[in-house]
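Heads up: the structure comes next, in structure tokens.
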């Protein structure tokens, strides 16, 4: 063996590759002061209860003050969690994150009276308030409150619900600490004979390995850990399902799914259309699985063969500095203004680049109104990491545009549209790389990668969405929800989505245990709908140029000033119909046929 490769500690990472959080708070001491400010604000908010319905001026002052305080708690939450994510094992920032959650719960409780008090107003008086010139900046907000009337409780009841916020995140908190700090996956031998520690950040790297033994060893080692803790993680998952059902019941929704969709005013048919449409296109997935089996030259295709590139003698390793140039070139169709903001993020430490010991796995973009957005990566020089950079900067620039063009009230866009901006960036980047491929081999490699994006984002995330829907329904129907039943459900879905040419190894039954997004229930379907919308939008940008870009930027700038489906219509996509998903999957089928011809 050549030696043991261990992760660097946080201190061993160069400063230029770490994000600079001083744009949110200059220091930990400033964060502490903000927490004290929030304590005073909570007391002042409680004094206003029962008065906001008396005069327009009082309601206006309340709404302005609430915005200010919610902006402060947003900064407190973001800073504390991002500090914790730098190294999940640091107790100080675990404490900060916990304290921030307490402050959020206290603020929510203090302002919980507002919506019930508004809804209890005389209809004629309320209409006068909503239509007043003074409250014009809050007209959309007030109309949305009225829309939720049947799901809003009394002031006392809403205050009780607000008090539960801190404990409602327990399942997510427990899972996050287990998954990022406590879970250990042991060591494997890599392609070069080195004994290497298996981590979240390295797992996909090893699953993409050309060495099948490395892939198999990484796959089995990863899921051996999850199998060992299946009962604990089953109980944790079920606790989150129970939480969702509780809130849906008390808010008078007919299901947890309905409650989740109503937050963005999404019709239930959007969720159902997605699953039904993907089911209709499963033969296209089976065709790709058969192509993968043939291209790899294996008698049996296993789940640890899903990620390795089909072009065996071609490989792309992309240093971070080169990745930035590739992304910048790929996004050039978005115009000079967009690129200038992209460069700003690259140059001014918006990004936390490399994995270090204890760092949160995965990637995300986050931020708080009044400071620029941030991006967390675990960059490891794979082609996929280049697309992750484009993806997360898409989120970041969506946040940037929305914050620059909306007040705090409407700057925060809904999750439903969040994945559109990120995936549109990926699609533009891919089209540029395909167009400039140097030879057939490189084009085949990129096609394989693009197809795998469809597989991972539309098919895989829809499978997750169907798993969530069925798991929540099992509990709602009084059926037993245990680790064993969840494993059986997941394995059956895996077999359905991958088809007969794929061996659904028993280990894959435990995959649900490692998906953090299941703790934000009914979130993942939006990756698939967002990807479909993004494919349509990127196509329009490339074909129509500046006019499409300007429509798209109107969407980015919109924040939450309109409902998500209406915002997407401005950009040129109607996601309430099955058409965007059908169109994207038709493209997927065409890409598979093109790859068949090349290999």
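Here is a yes/no grid of residues against (1) in contact with a helix residue (DSSP H, G or I) (Cβ under 6 Å, 6 or more places away or on another chain); (2) at pLDDT below 95; (3) within 23 Å of residue 541 (Cβ to Cβ):
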{"residue": "414", "(1), (2), (3)": "yes, yes, yes"}
{"residue": "432", "(1), (2), (3)": "yes, no, yes"}
{"residue": "437", "(1), (2), (3)": "yes, yes, yes"}
{"residue": "442", "(1), (2), (3)": "no, yes, no"}
{"residue": "451", "(1), (2), (3)": "yes, no, yes"}
{"residue": "472", "(1), (2), (3)": "yes, no, no"}
{"residue": "475", "(1), (2), (3)": "yes, no, no"}
{"residue": "479", "(1), (2), (3)": "no, no, no"}
### Task
May I ask you to say which residue of 62, 25 is outside any helix (DSSP H, G or I), touching a residue at least 12 places away in the same chain (Cβ under 8 Å) and crowded, with 17+ Cβ neighbours inside 10 Å?
25
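If a residue must be in a helix (DSSP H, G or I) and either under 17 Å from residue 231 (Cα atoms) or without any contact (Cβ under 8 Å) to a residue 12 or more places away in the chain (or both), how many such residues does segment 474-494 contain?
So the first thing to find is which residues in segment 474-494 are in a helix (DSSP H, G or I), and the list is 474-476, 483-494.
Restricting the remaining residues to those that are either under 17 Å from residue 231 (Cα atoms) or without any contact (Cβ under 8 Å) to a residue 12 or more places away in the chain (or both) gives 475, 483-492.
Count: 11.
Do we have residue 105 as surrounded by 18 or more Cβ atoms within 10 Å (Cβ to Cβ), under 22 Å from the mean Cα position of the chain (by Cα) and assigned to a helix (DSSP H, G or I) here? Quick ask: steps written out before the conclusion?
Values: surrounded by 18 or more Cβ atoms within 10 Å (Cβ to Cβ): yes; under 22 Å from the mean Cα position of the chain (by Cα): no; assigned to a helix (DSSP H, G or I): yes.
No: the conditions fail for residue 105.
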### Query
If you go through segment 283-291 one residue at a time, do you hit one that is closer than 30 Å to residue 145 by Cα and either surrounded by 17 or more Cβ atoms within 10 Å (Cβ to Cβ) or in contact with a helix residue (DSSP H, G or I) (Cβ under 6 Å, 6 or more places away or on another chain) (or both)?
no
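Among the residues of segment 381-404, is any assigned to a loop (DSSP other than H, G, I, E, B) and either modelled with pLDDT of 95 or more or touching a helix residue (DSSP H, G or I) at 6+ places or on another chain (Cβ under 7 Å) (or both)? Outline the logic, then answer.
As a first pass, look at segment 381-404 and keep what is assigned to a loop (DSSP other than H, G, I, E, B): 381.
Okay, now just the ones that are also either modelled with pLDDT of 95 or more or touching a helix residue (DSSP H, G or I) at 6+ places or on another chain (Cβ under 7 Å) (or both), so none.
Among the residues of segment 381-404, not one is assigned to a loop (DSSP other than H, G, I, E, B) and either modelled with pLDDT of 95 or more or touching a helix residue (DSSP H, G or I) at 6+ places or on another chain (Cβ under 7 Å) (or both), which makes the answer no.
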### Query
Just a yes or no: is a residue in segment 190-202 surrounded by 20 or more Cβ atoms within 10 Å (Cβ to Cβ), in contact with a helix residue (DSSP H, G or I) (Cβ under 7 Å, 6 or more places away or on another chain), part of a helix (DSSP H, G or I) and touching a residue at least 40 places away in the same chain (Cβ under 8 Å)?
no
### Message
With the structure loaded, tell me whether residue 548 is modelled with pLDDT under 95 and either touching a helix residue (DSSP H, G or I) at 6+ places or on another chain (Cβ under 6 Å) or within 23 Å of residue 455 (Cα to Cα) (or both) or whether it fails that test.
### Response
no
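Considering each residue of segment 175-189, count those that are under 28 Å from residue 238 (Cα atoms), surrounded by fewer than 18 Cβ atoms within 10 Å (Cβ to Cβ) and modelled with pLDDT of 90 or more, and give that number. If you could, list the steps in order and put the result at the bottom.
Our first condition is that a residue be under 28 Å from residue 238 (Cα atoms); within segment 175-189, this holds for 175-186.
If we keep only those that are surrounded by fewer than 18 Cβ atoms within 10 Å (Cβ to Cβ) too, we end up with 177-178, 181-182, 184, 186.
Now restrict to residues that are modelled with pLDDT of 90 or more: 177-178, 182, 184, 186.
Residues meeting the conditions: 5.
Looking at this structure, is residue 457 surrounded by fewer than 20 Cβ atoms within 10 Å (Cβ to Cβ) and in a helix (DSSP H, G or I)? Talk me through it step by step, then tell me what you get.
On the way: surrounded by fewer than 20 Cβ atoms within 10 Å (Cβ to Cβ): no; in a helix (DSSP H, G or I): yes.
Here the answer is no, as residue 457 does not meet what is asked.
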### Message
Here are the criteria: (1) over 22 Å from the mean Cα position of the chain (by Cα); (2) over 26 Å from residue 360 (Cα atoms). Tell me which single one residue 507 does not satisfy.
### Response
(2)
### Members of segment 495-538 found to be surrounded by fewer than 20 Cβ atoms within 10 Å (Cβ to Cβ) and free of Cβ contacts under 8 Å to residues at least 40 places away in the same chain, listed by number
495, 506
### Query
Of the conditions (1) modelled with pLDDT of 95 or more; (2) in contact with a helix residue (DSSP H, G or I) (Cβ under 6 Å, 6 or more places away or on another chain); (3) under 30 Å from residue 286 (Cα atoms), residue 599 fails just one. Which one is it?
(1)
### Message
Looking only at residues that are in contact (Cβ under 8 Å) with a residue 40 or more places away in the chain and assigned to a loop (DSSP other than H, G, I, E, B) in segment 242-262, which one is surrounded by the fewest Cβ atoms within 10 Å (Cβ to Cβ)?
### Response
252
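Can you name the residue in segment 268-278 that is surrounded by fewer than 19 Cβ atoms within 10 Å (Cβ to Cβ) and in contact with a helix residue (DSSP H, G or I) (Cβ under 8 Å, 6 or more places away or on another chain) and, of all such residues, is nearest to residue 582 (Cα to Cα)? Outline the logic, then answer.
From segment 268-278, those surrounded by fewer than 19 Cβ atoms within 10 Å (Cβ to Cβ) are 268-269, 272, 275-276; that's our starting set.
So of that shortlist, the ones also in contact with a helix residue (DSSP H, G or I) (Cβ under 8 Å, 6 or more places away or on another chain) come out as 268, 275.
Details: 268: 18, 275: 11 Å.
Per the stated criteria, the residue is 275.
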### Summary
Reported set for segment 153-166 where residues are surrounded by fewer than 18 Cβ atoms within 10 Å (Cβ to Cβ) and within 12 Å of residue 104 (Cα to Cα) is 163, 164, 165
### Task
Kindly indicate the residue of segment 344-363 that is in contact with a helix residue (DSSP H, G or I) (Cβ under 7 Å, 6 or more places away or on another chain) and assigned to a helix (DSSP H, G or I) and also surrounded by the most Cβ atoms within 10 Å (Cβ to Cβ) among those meeting that condition.
345
### Message
So for segment 286-304 (the condition being under 21 Å from residue 574 (Cα atoms) and either part of a helix (DSSP H, G or I) or free of Cβ contacts under 8 Å to residues at least 24 places away in the same chain (or both)), does at least one residue qualify?
### Response
no
### Task
Could you grab me the full set of residues in segment 38-56 that are under 28 Å from residue 92 (Cα atoms) and surrounded by 15 or more Cβ atoms within 10 Å (Cβ to Cβ)?
38, 41, 42
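Please find, among 217, 172, the residue that is assigned to a helix (DSSP H, G or I), in contact with a strand residue (DSSP E or B) (Cβ under 6 Å, 6 or more places away or on another chain), surrounded by 14 or more Cβ atoms within 10 Å (Cβ to Cβ) and in contact (Cβ under 8 Å) with a residue 12 or more places away in the chain. Can you show your working first?
Working: 172 fails: in contact with a strand residue (DSSP E or B) (Cβ under 6 Å, 6 or more places away or on another chain).
The match here is 217.
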### Query
residue 100 fails exactly one of the following numbered conditions: (1) modelled with pLDDT under 95; (2) surrounded by 19 or more Cβ atoms within 10 Å (Cβ to Cβ). What is the number of that condition?
(1)
### Residues that are surrounded by fewer than 18 Cβ atoms within 10 Å (Cβ to Cβ) and either out of contact with any helix residue (DSSP H, G or I) (no Cβ under 6 Å at 6 or more places or on another chain) or in a loop (DSSP other than H, G, I, E, B) (or both), drawn from segment 66-93
68, 89, 90, 91, 92
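The values are calculated or read from the model by the stated rules, or taken from the named source; none is laboratory data. Predicted model, so just to flag it, every value in this text is computed and none were measured. Ideal geometry is used to build each Cβ from the backbone, glycine not excepted, and the neighbour counts take in all protein chains shown.
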